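J.: Next up is a structure, given as structure tokens.
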Amino acid sequence: MSTILITGGGRGLGRATAEKLARAGHRVLLTARTQPKAEEAVQELRARHPQSQLEPYAVDLASLASIRRFADCLLADGVALDVLFNVAGVMQTNPQRELSADGYELTLAVNALAPFLLTRLLLPALRRSPAARVVNVSSRLHLPGSRGKPVDFDFADANLARDYNPDRAYKNSKLAILWFTFEAQRRLGSDRLTFNAVCPGFVPVTAAASSRKPFERWLLRNVLPFMPFATSVDAASSAFAFMATDPDVGQRGGRFFGEKREIAPSTDSLDAAKAAQFWALASNLTGLEP
Ligand SMILES: NC(=O)c1ccc[n+]([C@@H]2O[C@H](COP(=O)([O-])OP(=O)(O)OC[C@H]3O[C@@H](n4cnc5c(N)ncnc54)[C@H](OP(=O)(O)O)[C@@H]3O)[C@@H](O)[C@H]2O)c1
């Protein structure tokens, strides 16, 4: 049985995936933004699965200091991590740009910089495992041509200070996490440590949490789940559990998955020069050596 760390375990797909993995007998370290949220999730899951091994942790992924404190705490405990699953993410709808505690555009901070920093800080814990994997959550929305404002990652304005749009911020962050995944595989990947990324498909029920518009929330909860292009929480969290446990996924990194199968990421995400550029940028923004 594996030791699996899941971020964003307080609700949504993170919580549903934590439940599946804990039910299967894995030890699950579940993080939420606050300790009460993490404990509430763990208590509810333990009530349903009394034999499960779930441990609650708090980490605010919009704060580099919080991520560092959390990583220090785990490393001090001597945990050997078999899986680090970076699930947590934000999709802003507010047309006003919001900033993280460190002054970075919030979507970039939570969806790309936080997994980057957390993963790199937890490398010693991953290296304690004989076969570890990192799984990052991206989205097909990073593909050119997806609905809304197109993806356009400008390295001179990664924080979108000049022309903020929440759609673009999300797509850019999901492209950035692919750059991180593929570059991490090139730099750090080995037969004992792999890095892959996954898109859960369109899951309207959990996506509803991000919407500020009541009618849109209603559609996401009551109409869109029945559309043929939508995926259920159960199917998406099964696909996530597959990413955490399937032997083949753990053996070969640098890949992008959809629902339990490899899919093609954008051409831009495979650009090694841009991935290296993102690595340097993210190192700089998170205070790490490149
Ligand atoms: N749903 C979809 O259709 C879809 C499609 C493609 C990709 N994805 C990706 O799949 C992942 C899970 O999505 P979901 O649908 O489950 O979304 P969700 O229900 O909105 O859950 C997002 C999770 O991220 C956590 N989070 C957000 N900001 C945080 C912060 N600053 N610190 C700590 N945790 C934070 C949330 O915690 P709080 O409860 O504290 O806010 C929540 O647990 C995300 O990366 C998302 O981008 C989703």
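J.: Could you tell me which numbered condition Val233 fails, if it satisfies all but one of (1) aliphatic (A, V, I, L, M); (2) at pLDDT below 95; (3) surrounded by 18 or more Cβ atoms within 10 Å (Cβ to Cβ)?
T.: Exception for Val233: condition (2).
Okay, residues lined up against (1) within 14 Å of the ligand (Cβ to nearest atom); (2) among the polar types (S, T, N, Q):
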residue: Met1; (1), (2): no, no
residue: Gly9; (1), (2): yes, no
residue: Gly12; (1), (2): yes, no
residue: Arg23; (1), (2): no, no
residue: Glu39; (1), (2): yes, no
residue: Gln43; (1), (2): no, yes
residue: Ala58; (1), (2): yes, no
residue: Leu74; (1), (2): no, no
residue: Leu81; (1), (2): no, no
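J.: I would also like to ask the following. If you go through the range 247-257 one residue at a time, do you hit one that is open to solvent by 60 Å² or more (accessible area, probe 1.4 Å), touching a residue at least 24 places away in the same chain (Cβ under 8 Å) and assigned to a helix (DSSP H, G or I)?
T.: Yes, there is a match, as at least one residue in the range 247-257 is open to solvent by 60 Å² or more (accessible area, probe 1.4 Å), touching a residue at least 24 places away in the same chain (Cβ under 8 Å) and assigned to a helix (DSSP H, G or I).
J.: If you don't mind, there's one more thing I want to ask. Residues of the range 261-290 being touching a helix residue (DSSP H, G or I) at 6+ places or on another chain (Cβ under 9 Å), within 18 Å of Ser173 (Cβ to Cβ) and open to solvent by 50 Å² or more (accessible area, probe 1.4 Å), which ones?
T.: Within the range 261-290, Asp268, Leu270, Asp271, Lys274, Gln277 meet the criteria.
J.: Being within 23 Å of Pro290 (Cα to Cα) and of a type outside the set (Phe, Trp, Tyr) is the requirement here; does Asp163 meet it?
T.: Judged against the criteria, Asp163 is not a match.
J.: When Ala65 is evaluated against the numbered criteria (1) away from the ligand (no atom under 15 Å from the Cβ); (2) surrounded by fewer than 20 Cβ atoms within 10 Å (Cβ to Cβ); (3) over 23 Å from Ala209 (Cα atoms), which criterion, by number, is the only one it fails?
T.: (1)
J.: Test Ala131 against the criterion of being open to solvent by 50 Å² or more (accessible area, probe 1.4 Å) and more than 21 Å from Arg15 (Cβ to Cβ), and give yes or no.
T.: Judged against the criteria, Ala131 is a match.
J.: State all residues of the range 173-225 that are buried (at least 17 other Cβ atoms within 10 Å of the Cβ), closer than 20 Å to Ala241 by Cα and more than 10 Å from the ligand (Cβ to nearest atom); if no residue qualifies, say none.
T.: Leu178, Thr181, Leu193, Thr194, Phe195, Asn196, Ala197
J.: Sticking with this structure for a sec: Given the structure, is Val28 under 23 Å from Ala241 (Cβ atoms), open to solvent by 20 Å² or more (accessible area, probe 1.4 Å) and within 19 Å of the chain's Cα centre (by Cα)?
T.: No, not satisfied.
The values are calculated or read from the model by the stated rules, or taken from the named source; none is laboratory data. Treat the numbers as computed from the prediction; the structure is a model and nothing was measured. All Cβ positions, glycine included, derive from the backbone under ideal geometry; neighbour counts span all protein chains shown. Ligands, DNA and RNA are stripped out before the accessible areas are found, and what is left, the full protein with its side chains, is counted by its heavy atoms. Shrake-Rupley method; radii C 1.70, N 1.55, O 1.52, S 1.80 Å.
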